[in-house]
Amino acid sequence: MSKQANLFLYLLLFLSGCASQPPPTATVEPLTIRSQQAELAITERRYQDALEILEAAVLVYPANVELLLRLGQIYLTQHRWILAEDAFNRALALNGADGRANAGLAETMLNQGRLPEALKYWERAARLDPSLAGVFTGLGRTRLLFFDFEGATTAFLDQQRHTPDGEAAWHLAALTAPQDLSQALAYLAEIPEAGAGSGPANLTASVLARRDYLAATLAPFSPESRPVEVARATGIALAQVGLWPLAVHALEITVAAAPEDGEALAFLAHALAQSGKPALDLFEQARQAGPESAWPSYLEGVYLRQQGALSAAEVLLSRAARLDPDNAAIFAELGKVKDQAGDLTAAEQWYTTAVDLAPDEREFQLLLLHFYVNRSYQAAEVGLPLAERLVEANPAEAELHDLLGWLQFLFDAPDKGEEALRRALELNPNLISARYHLARYLETNSRPVEAIAEYHKVVDWDSGEGFRDQALKDLQRLLPK
């Protein structure tokens, strides 16, 4: 799933009012004090401190559901699904009719890919508390993953009837666009700018970005446009950003109206394959329908590479390259095939070809730079000069400063890199890789107190980038026994 847990659940737990229970006796520290301490830690994003405060409070107040809900919410924020699941289960053991606990558990199940369980808990939460913020949105998101487009649409409409929600409005626009452009645009218009005083809730940066992306996709069309053209553009656009069920919905509508559209067939096969559905026959059908298009071979090659069928992927990608020799993305994929196969010389050649074909596309430059860093291949000779050039050309890109600093630390000298890493964090304080790299730099350069502070931030803030576990090990090594 998403590497992303939707922030509507964050709002759900805050807006639903986690009221504290009175202390059982006058001799025990008041619960309100502990709750205030936890809230301050949360506000300052000291999540580990908040968790410790709340877990200690649970030992004193074992029947307090609100404490467990707060624990679950923090674990959700950190994308620690198993721990979130445990907290919400503990809350449900105390009150099985609590809609928030059911919704929280549903979200953890959804992010673990346990769809039948997620569906069950979303449905229960919606029955128990239909006014709960985002509850029908969660139900709709889950039904989408079952390809139940009608049921998902109903859930999103239910959300708008109970508590209008920005994410529900966006999903309704995406589901409606292939057949009713005007209605889709009306749904998009319901999503205001960030900070607007009215309109649906749940205006996360992700929702706003998706709103703008879909609006740009639909901008070339008018009510007089052929619906199949709108459906085709919508489906391809949604596939290109990995929104697979929605892409399948739009592309199935497209293919039903234009069964000989080879590129639409290829993107439909791609979306199905990425969703774990059978698609090889559909890829072949796409090649037959569009023999001059590179898309069927390219997209099947991507799928086969992901499955580890590297030789078959290379054959298809080479065919795609012959059909479209100026397409940098095809050569980048060939580079990934060789990279996975361990042929680093060939991988570098194909990655470089992609950069040469699209010199203004930062995506391919970053791919090549990550290759040098991650593979420790030609890192000092080629990777470091490349990073310096890219930083000079893109001085506001935090990720580039991070990679430059890390390369300087690893392959230039262990006392170099701090300036670039700190610049990365000035540009993006939430760039977890830069935080971890800075911590490593500080530890190596005998500044353990500063290193510990950065490792703590990694543990608190990492939400799926893979640095938390290593940072915990680093803290165990540095902290007094």
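All of the numbers you see were taken from the coordinates with simple rules; none came from a lab. Quick caveat, the model's predicted, so the values are computed rather than measured. Methodologically, a virtual Cβ is constructed for each residue, glycine included, from the backbone with ideal geometry; neighbour enumeration extends over all protein chains shown.
Could you give the semi-axes, largest first, of the ellipsoid that matches the stretch 81-226, computed as the square roots of 5 times the alpha carbon gyration tensor eigenvalues and rounded to whole Å?
Details: eigenvalues 184, 48, 34 Å².
Those come to 30, 15, 13 Å.
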Query raised in the report: If you average 1/r over all unlike Cα pairs in the stretch 172-290 and invert the result, what Kirkwood radius do you get in angstrom?
Result: 14.8 Å
Report task. Pick out, in residue order, every one of the GluC sites (Glu not before Pro) in the stretch 235-292 that is DSSP loop and has at most 13 other C-beta atoms within 10 Å; say none if there are none. Result -> E260, E292
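Going by C-beta contacts inside 10 Å, put L407, L185 in order with the fewest on the left. Could the numbers behind the result be given before it?
Numbers: L407 25, L185 18.
If I rank by nearby Cβ atoms, fewest first, I get L185, L407.
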Report summary line: If every Lys and Arg gets +1 and every Asp and Glu gets -1 at its Cβ, then about the Cα centre the stretch 294-358 yields a dipole, in debye to the nearest 20, of 160 debye
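What net charge do the residues around L344 carry, taking every other residue with its C-beta under 15 Å from that of L344, with Lys and Arg at +1 and Asp and Glu at -1? Spell out each step's value before the answer.
On the way: positive: K336, K338, R375; negative: D339, D343, E348, E381.
Net of charged neighbours comes to -1.
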Report summary line: Summing +1 per Lys or Arg and -1 per Asp or Glu among the other residues with Cβ less than 10 Å from A266's Cβ gives -2
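Could you work out the helix-only [θ] at 222 nm for the chain, with each DSSP H run of four or more residues adding -39,500 (n - 2.57) and the total divided by the number of residues, to the nearest 500 deg cm²/dmol?
On the way: 27 runs with 335 residues, N = 481.
Value at 222 nm, helices only, nearest 500: -22000 deg cm²/dmol.
Thinking of the stretch 378-481 as a set of Cα atoms, what percent of all their pairs are more than 21 Å apart?
On the way: 1748 of 5356 pairs.
More than 21 Å apart: 33 percent of the Cα pairs in the stretch 378-481.
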Report task. Quote the convex hull volume per residue of the chain, based on C-alpha atoms, as a whole number of Å³. Result -> 164 Å³
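Pull out the extension gain between A312 and N430, defined as 0.36 nm times the separation in residues minus the alpha carbon to alpha carbon distance; nm, one decimal.
Values: separation 118, 0.36 × 118 = 42.48 nm, distance 3.94 nm.
In short, 38.5 nm is gained.
Pop out the Kirkwood hydrodynamic radius of the stretch 294-358 from its pairwise C-alpha distances, inverse of mean 1/r, in Å to one decimal. Kindly include the intermediate steps, with their values, before the conclusion.
Values: mean 1/r = 0.0900 Å⁻¹.
Kirkwood hydrodynamic radius for the stretch 294-358: 11.1 Å.
So if I place +1 on the C-beta of Lys and Arg and -1 on the C-beta of Asp and Glu, and nothing else carries charge, what would the dipole magnitude of the chain be about its Cα centre? I want it in debye, nearest 20. Each step should come with its number before you reach the end.
Values: 40 positive and 63 negative charges, 252 e Å.
Value, rounded to 20: 1200 debye.
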Requested in this report: Take the cross-link list K416/K473; K120/K457; K120/K336; K336/K416 and give me the ones stretching past 32 Å between alpha-carbons.
Outcome: K120/K457; K120/K336
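Please list 430-440, 320-330, 153-163, 469-479 highest first by mean number of surrounding beta-carbon atoms within 10 Å per residue. Don't jump to the answer; show the numbers that get you there.
Numbers: 430-440: 23.3, 320-330: 17.7, 153-163: 19.5, 469-479: 14.4.
Top to bottom by mean Cβ count within 10 Å: 430-440, 153-163, 320-330, 469-479.
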Report summary line: K277 and E361 label points (each 7 Å along its Cα→Cβ direction) are spaced in nm at 2.7 nm
Report task. Work out, step by step, the length gained on full extension between N89 and R226: first 0.36 nm times the residue separation, then minus their alpha carbon distance; give nm to one decimal. Result -> 44.3 nm
Report summary line: Residues whose built amide H sits under 5 Å from the amide H of D165, excluding neighbours closer than 5 in sequence, are A201
Report summary line: the stretch 271-429 -> Rg/Rh from Cα coords, Kirkwood Rh, value 1.06
